[in-house]
Each structure stands twice: as C-alpha cells, then as structure tokens.
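Student: If you scroll down you'll find the structure; I have some questions about it.
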Amino acid sequence: MGPFIEVLIAGLMAGVLYSLVALGFVLIFKASGVFNFAQGAMVLFAALSFVRLMEFLQNTFAPILLSLAITIVIMIVLALLVERLVLRPLVNQPPISLFMATLGIAYFLDGLGQSIWGSDIYTLDVGIPKEPLLLFESVFEDGILVSSEDLVAALVAGVLVAGLAVFFQRTRIGRALRAVADDHQAAQSVGIPLNYIWVIVWTVAGLVALVAGIIWGSKLGVQFSLSLIALKALPVLILGGFESVLGAIIGGLIIGAGEKLSETYLGPLIGGGIEYWFAYVLALAFLLFRPQGLFGEVHIDRV
Amino acid sequence: MFYREAGQFKSSYAADQAAFPIAQDRIFIGIWLLIGFVAIPLLSNEYLFRAIFIPFLILALAALGLNLLVGYCGQVSLGTGAFMAVGAYAAYNFWIRIPGLNPLIAFVLAGGVATLVGIVFGIPSLRIKGFYLAVATLAAQFFMDWMFARVGWFTNYTPSGSIAVPPISVFGFEFDSPVRRYMLCLTILVLFAIVAKNIVRGRIGRGWMATRDMDVAAEIIGIRPMYAKLSAFAVSSFFIGVAGALWGFVHLGSWEPLAFDINRSFSILFMVIIGGLGSILGAFLGAAFITVLPLFLNQLPIWLGIEISTAMISHIEFMIFGALIVFFLAVEPLGLARLWQIAKEKLRLWPFPY
Amino acid sequence: MEHSRSLGEPILSMDEISLSFGGVNALSNVSLHVREHEILAIIGPNGAGKSSLLNVINGVYHPSKGTVTFKGATRAQMRPHEAASQGIARTFQNIALFKGMTVLDNIMTGRTLKMRAGFFWQCIYVGKARNEEIEHRHKVEEIIDFLQIQSIRKTPVGRLPYGLQKRVELGRALAAEPDLLLLDEPMAGMNIEEKEDMSRFVLDVNDEFGTTIVLIEHDMGVVMDLSDRVIVLDYGRKIGDGTPDEIRSNQDVIDAYLGVTH
C-alpha cells in the first residue's frame, strides 16, 4: 500500500502543475474564445526571463523579488502587445484563425526567449526546500516519501487558484470577465471594454505561466522542454472542459495521477514510455462517455 | 479585361459543371502543367529538385488531404504527421514483407492502412467538435510517435530505430535521379488533385461542406453526419498516408519517427491555413510558401553578409516564422487563395477600377 | 383567397406527445393530425412550444412520451436523416443555410438522398456520377426558376439579403421533393412585398406538387388566408384546433394569444 500511495501522491503533485498550465488555457478560452496554444511558450518565456534576470541581479539586495517584479512587468507588456498586434487585428475571425495565430505567437516567443536569454539549461533556486519528507511512518510500514518541493508547489498552486476564484467572483473586473465569456457582443453593448478585458486575461494567464514556470524550472531546470508542457496540459482540458476552472484543477490531478500510476504499473507490461500518450488516450476514452468533459456545460442545439 | 467571362456562354449544364468552366482558368492550368512537366525538368538543377520541388510536391499532397478534412468538412486535425508516419511505415512493411511488391502498389496499400487508422481516430468526431476534436487528434500523434519508436516490429527490429530504403524501381525503371523522382511525385500529385476536385464538386463534397457549415441542418436534409465526417477522415487520411509513403521512400530515403513529429503536423496545418481553407489551389500555394520560406530565411543572413551563429539563426527563424503567420492571418485570414481570387476580380475589371 | 382541393387521409398523427428540458415542459400531451394536401398553421405566443413541435416531427428532439405516426409507420424516436429519407423537409426560424456554399450548391444538397453514384465514380467524375449531377441539376434549375432566383445561383448565400436567404432555404427543402414540408416562420422579418411573394410560393407548392405543409407564423393575416386549419399552442398545451373562422371566435385562443380587436 505504501508504494502505491507514494506513486499516487507524486502523480497528484505533477498533476498540480498540469492544472496550472491548463488554468492558463481556460482563463483565455473563457474570456476570449481563443484556444491559446502559446501557453506553453509563455511558461518557457516567463521562466527564462526570471532565471536570467536573477543571474544578472544576483548582487543586488533582493534578486528574487526584483527579477520577479521585472518579469511581471514583461508579462504585462507581452499581454499588451498580444492584444494590440494579434487579437485586435483578428477580431471576429473564426476560432481556427485565432488558434493558428497563437501557434504563431508560440513560435515567436520560443525564438525570442531563446535569442534574448539564451538556450542552455539554467538551474533555478528560489529557496524551495528540496529534502524529501517521510510521512505517516506510524500508518504504513516504511512511511511515505513525499518531496517537499512538490508540497510547496501544491501549496502555491492552491493559493493561486483560490486567489483567482475570489478575483473572478468578487471583483468588478471579474464580473466583466464572466460577462465577456458569456457573450462578447452583449458585454460590449453594456459598455465593457473588450480590449481591456483581453489585456487583463492575458496578463493573468502570463502570471499563471510564470508561477508554473518557476515551479517546474526549479524542479527540472529552465530549458526548452518547458515549452512542451503545454502539450501535456491539453488532455487536462478535454477531461475538465475548456471553460471550467474547477475542471482544469481536477482534470490536472486525474491526469497526473493516472499518468504516474500507469507508467509504474502498466508501463513495464507494454514497453515503457507510455506516459507520452497515456493522458491523451485516457482523456479520449473519457470523452466518448461525456463529450462535454467533467464540468463542461451541455449545449442544447436550438434550431 | 484579361479575365473576362462575358461571351462564354454555356449551352448545357454539363459545360457549366465542368471542373474549370471559364476558358482563362483552363489556360492557366495548362500553363502550370507545362511548367511542371516540361520547363522545370529541363531547367532545374539537382539542388532545386532535392531542396524545393520534391518536398513541395509531397507536402502539397499532404496539405491537399488535410484541406479536404479541415477546409471542406470543418474537422480540425493536429495529427497529420501521425497519418504520414502510418503511410510511410505501412509502405515499408508491405515492401519488405511481400518480396517483389511493386512500390506503387505498396504506396496505395499504405494509403489504405492510413485510411483505416484515420477512420478509427475520426470516430471521436461523431461525439465532439472544434478544439476538443483537435486535441483528440493529438492523441493519434503521440500514440503513433510512441508506437513507431518503441514497437520494434514496425521498423523490422533495426537497432537504431531508423529505416533506410533504396531508390524505388517500378517494372525495372529506377527512380534514382532527382528528375525522375520529381516526375513521379508530380504525376501522383496531379492525379490526386483531380480526384480531390471531383470529390468536392459532387455529392460527397457538398455533404462535407454542409456538415462544416451547419451540421444540424445537414442532418435534417438527409446528410448523415457520421458518413460525412468519417468519409472525410478516410479520404483525407488516404491522401496523407500516400504523401507520408512518398516522403519516406522518395524524398528522405531513410528516416526516423522524428520525421513525422508534431512539428510536421503543424507545418502542414500552416500550409492549409495560409493557403486558404476549403480551396484546392490554396493547398498548393500554402505548400509552396511554407517550403520556400525557411530556405529563404536561412539564406538571408548570408546574402546580407551578417555573421550569426546557427543556433541564433534558428531562433530568429522561429521568430520570423511566427510573426509572419500572425501577419498573414491578420492581413488575409482567408489565405493566399483568396488573394488570387481578388486578383482575378481585378483583372476582370481592368483597366477600370469598378 | 379561397382554393378548393380535396383533403386526404391523415399523413401525420401525433399522439399524446410530451417533451421536457431539465424539468421544463416544452410540450405536454399534444395530440394532432395533419391530413394530406393540407396547409396547417401552428400559432401561439413565443415559447409556446411551436418550434419544439416541429423538432419532434423531424426527429431533432425525442419526445419523452407519446408516438408519431407518419405515412402509416408509428415510432417513438427517429434521427433527423431518417425523417428526411421518409419525405419530411423543413426550413428554420433562424435561417440554417450553408453559408460558405453557393445558392446552387445549397439547393443541390437537398437532392442528396436521391443521388446514388458510388464513391469511385465520384472520384473520377465520369459516367454515372456525372450524368447524375446533370440530371439533378435539371431538377434544381426548375426549383430555381420556380422561386425566381436565377440571377443569384452562383452567389454564396452568406452574401444574400435576409429575404432571399429565406427563399433559398425554401428551395433547398423543395429540392428533396418532400411529402411533408415544415416551415418555421417563413415570413418572419419580411416586408409586405416579400411576404406576398412567399405566400404565393407556399400556395403554389401546395397546389402544384400537392405537398402537405405545416407552418408556424405570427402574422395572423397570412395565417388566416393561407391555412386550411389552425392549431393553437400555449405553454406546451394545445388550446385550439379548427378552421381559421373557428379559431378566430375561440374564446380560449382570444384570451391567450389573439386578444380583442378594437
């Protein structure tokens, strides 16, 4: 039982990170109907900016805080540029065009990030404790080994999600965001500035990307493969539904746990490396039974 | 005035329903066929065949196949690379496991295998739409990537996991020189383009477009969505599967699973979008653009006399590529084919502005 | 506008149909029948379940209770394309044309069920496939003539004004040569002239092809002139069924929908 729970917990912790990336997708999709393929590139770009800035500012009084602040500014500028140069010229285009545009953004960010900041592997240390913790020694025979890094990550993610939930439900901007998500034109007609809302959402998505980038980066080093995390987060979206924040979180946990468990218990039977596609097949099988995802809404076709 | 329809009267529905009812279009196509079959083989050199013309032809075939699915039937697929891989590996296995098999037949059989796989991965389209489907097709991509890398049977247990094939020969005729390979690809592409044109102007094509534009209404006038969607997946996968077999056998000669990874899927989707969704001409224009662009970007610093590291060049190439995509979508979201149509309308009215 | 025809046996009967969406009853225990060659109008306030009724007839919605009998075959459920193959065609309240296709192609889609050429022949577009296309093109051109839309046959429908789109949609339904034609607010949003044209088309279809027509309409003048019989729905229940004259004097209907004329 002990090893199983260990694997499960490791999976859930990895799932938290998928959830974070998926959350970025969901925020943008809800508010603008854009399927933002650049979310992964944003994770990489944010993490690269952060880690390199920390290096440059290491002799200042607070390298972490300073580079965090600068990276946040960078992500805000990025959101402004995306709104001005991509979303505004493409307003009212079919969703597929917008999706392709975000692929363009992804290519651009990958190239830009690496040409400005370099393309090596950078280790990132923001002071997250790394020693594994041994828990529940009294319950299970050998106790359960949990990485304290993962625990911190889960905690941060939890706080972030809670903060976003409050932001969406309680503030005026949050209400405007939900209105825009419901109906662009109707929201515009009651005086909600669409462009401003887009900047906000892309900024928030950028910040979520930054958090995800820092956590993954301190775990695996900041490198190009961070950009590919986005692909890992996509099955989460199918599972949780494109428009559900709660779905992104639960979906991420399910995918993370499923992936690790399958790799450990199923992998050896069919040749290993199955975590590469397992999440997709899991999500796909799920779709056949619930096409709208876990928390998506059923749309009744009106004719 | 150059593109004038006036005076071209059709006296039968057959003439009006011809593939190219307007004379100027027929002349235009004729000129391109002459360029393709006569001028290029006479004038081109080996490098151009290898680096531009052959990849262009094969990728145009794949883009054509994808456009049938995305542009005509409205089902977004991000798994093109996987279906190309299925074509390439299936052709390889037919070819090594059936001694003396004519490679062209192996290609057709490979297309058939891709068709079956395409139908299987098209089944989710009956339940889900839009981006849910797009993500579901990624499942095909990742599953195939893994399968061809990990399951030894598909590569005939070659230790490196990569596959090498000699130049193909049909009835003793060796396709060993670039110009011969070029002619083979061109012939196949022209045949497939004719088939594509025929399908989209008939009942099946109308069924696809109706499903794309409004599936509920399509079903109400008797177009079964299941049949429309799965047939689009099937035909599209056949085209893409054959393109994959050609890519492996005729263009690369030896390849690894990486040759068909997700970047291949994206680049073909780019071709379709930049060329123009729902346009056969668009598939050609898009393929030409995406094939030539990276070569151009690569050469640019040399022409300008700037020295930068190769890593930097590749980063900058990424950036320019991404920026161009956004630029194109913003300027003409309907693609290059639409620009061509606008040009034709202008030519019709020339020299008058209206 | 009197027109005399012999009305035949019921072609469609609905028996005790109920339909609900998540607890809201769209239709409750609605029974009705439509006779052959008849023009039947369904009227009622917004949200009375008129469109839902049409959706049940051609299989978009599956009733939670009750049966539908069409041309002698009784069923509880069927798919829309099955309804189409049995001879039910329709138009929609919010035009449901294929926006990216030309008028000609839109109407040609209506012929889908009558086309037989196999996949292979279509790929090479000779022989059967080609002849079939041309043969059906003749039929479609007849409809285009009938609806007087010759000049726009090669125009993508997305570019057409509303009134013409409605006409094209009627053309697409007619192309299927249906036995039963369902028209969901065919004259909504039209000016007087367009309404007159559309009314003429509806009557001509009924006269010339003998097509049975069920239509939903809010314009009482049009309804009273066109229809042989009127059914009134209110809150998913049938509150009136009779000739236009009977409906005009039905107290329930006046209270619920028509109101008092001053």
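The values are calculated or read from the model by the stated rules, or taken from the named source; none is laboratory data. Here the structure is a predicted model, which means the values were calculated and not measured. Ligands, DNA and RNA are stripped out before the accessible areas are found, and what is left, the full protein with its side chains, is counted by its heavy atoms. Shrake-Rupley method; radii C 1.70, N 1.55, O 1.52, S 1.80 Å.
Student: If one puts a single equal scatterer on every Cα of chain C and applies the Debye formula without solvent, what log₁₀ I(q)/I(0) results at q = 0.14, 0.15 Å⁻¹?
Tutor: Taking Cα atoms of chain C as identical point scatterers yields -0.99, -1.12.
Student: Hey, what do the phi angles of region B:26-39 turn into as Karplus ³J(HN,Hα) couplings, whole Hz, using 6.51/-1.76/1.60 and θ = phi - 60°, x for Gly and Pro?
Tutor: 5, 5, 4, 4, x, 4, 5, 5, 4, 4, x, 8, 10, 5
Student: Helix C:128-146 against the longest principal axis of chain C: what's the angle in degrees, Cα atoms only, rounded to the nearest 10?
Tutor: The angle comes out near 50 degrees.
Student: Return the lysines within reach of C:LYS65: Cα separation strictly under 21 angstrom, same-chain partners fewer than 8 residues apart disregarded; answer none if there are no such residues.
Tutor: Cross-link targets: C:LYS50, C:LYS238.
Student: What does the convex hull of the alpha-carbon atoms of the protein assembly as shown project to on average, in nm²?
Tutor: Numbers: hull surface 187.8 nm².
Convex hull of Cα atoms, orientation-averaged projection: 46.9 nm².
Student: Considering only protein heavy atoms, with the full assembly of protein chains and a 1.4 angstrom probe, order B:ARG26, C:ARG90 by accessible area, largest first.
Tutor: Reading off the accessible areas and sorting them downward yields B:ARG26, C:ARG90.
Student: Any chance you could check the Cα centroid distance between region B:315-354 and region B:144-188 for me, in angstrom?
Tutor: Here the answer is 36 Å between Cα centres.
Student: Which of the DSSP-defined H helices in chain A satisfy a minimum axial length of 20 Å, computed from C-alpha atoms, and a minimum mean Kyte-Doolittle hydropathy of -1.0?
Tutor: Values: long enough: A:2-32 (45 Å, 1.84); A:39-56 (26 Å, 1.37); A:63-82 (28 Å, 3.01); A:95-117 (32 Å, 1.11); A:148-170 (33 Å, 1.49); A:194-220 (38 Å, 1.69); A:245-265 (30 Å, 1.02).
The qualifying helices are A:2-32, A:39-56, A:63-82, A:95-117, A:148-170, A:194-220, A:245-265.
Student: Oh, and also: If I model region A:2-289 as equal point scatterers sitting on the Cα atoms and use the Debye formula, what is log10 I(q)/I(0) at q = 0.07, 0.09, 0.12, 0.16 Å⁻¹?
Tutor: -0.27, -0.45, -0.79, -1.32
Student: Oh, and also: How many Å² of accessible area per residue for the protein assembly as shown, probe 1.4 Å? Numbers along the way, then the final one.
Tutor: Values: 39360 Å² over 919 residues.
For the protein assembly as shown, the solvent-accessible area averages 43 Å² per residue.
Student: Using only the alpha carbon atoms of region C:98-175, find the Kirkwood hydrodynamic radius as the inverse mean reciprocal pair distance, in angstroms to one decimal.
Tutor: Numbers: mean 1/r = 0.0776 Å⁻¹.
Kirkwood hydrodynamic radius for region C:98-175: 12.9 Å.
Student: Cut-off under 19 Å on the C-alpha distance; same-chain residues fewer than 8 positions from A:LYS219 excluded. Which lysines are left, in chain and number order?
Tutor: Cross-link targets: A:LYS130, A:LYS232, A:LYS260.
Student: Moving to a separate point now. Can you give the alpha-carbon Rg of region B:48-155 over 2.2 N^0.38 Å, where N counts its residues?
Tutor: For region B:48-155, the normalised Cα radius of gyration is 1.15.
Student: Run lengths n ≥ 4 of DSSP H only: what is the helix-derived mean residue ellipticity at 222 nm for chain B, with -39500 (n - 2.57) per run over all residues, to the nearest 500?
Tutor: -21500 deg cm²/dmol
Student: Within straight cross-link reach of C:LYS154, meaning Cα distance under 29 Å, which lysines are found once same-chain residues fewer than 8 apart are removed?
Tutor: B:LYS10, B:LYS197, B:LYS229, B:LYS344, B:LYS346, C:LYS99, C:LYS114, C:LYS128, C:LYS139, C:LYS166, C:LYS195
Student: Follow-up. Using only the Cα atoms of region B:22-349, what are the Rg and Dmax in Å?
Tutor: 19.9, 64
Student: For region A:1-113, with all protein chains present and a 1.4 Å probe, just round the carbon and sulfur fraction of the accessible area to a whole percent.
Tutor: 74
Student: If you fit an axis through the alpha-carbon atoms of helix C:162-175 and take the longest principal axis of the Cα set of chain C, what angle between them do you get, 0 to 90°, nearest 10?
Tutor: Roughly 70 degrees, rounded to the nearest 10.
Student: If you take the alpha carbon radius of gyration of region A:11-52 and divide it by 2.2 N^0.38 Å, what ratio comes out, to two decimals?
Tutor: 1.28
Student: What percent of all Cα-Cα pairs in region B:1-88 falls into each 5 Å bin, going from 0 up to the bin containing the maximum distance?
Tutor: Spelled out per bin, shortest first, that is 3, 10, 13, 14, 14, 15, 16, 9, 5, 2.
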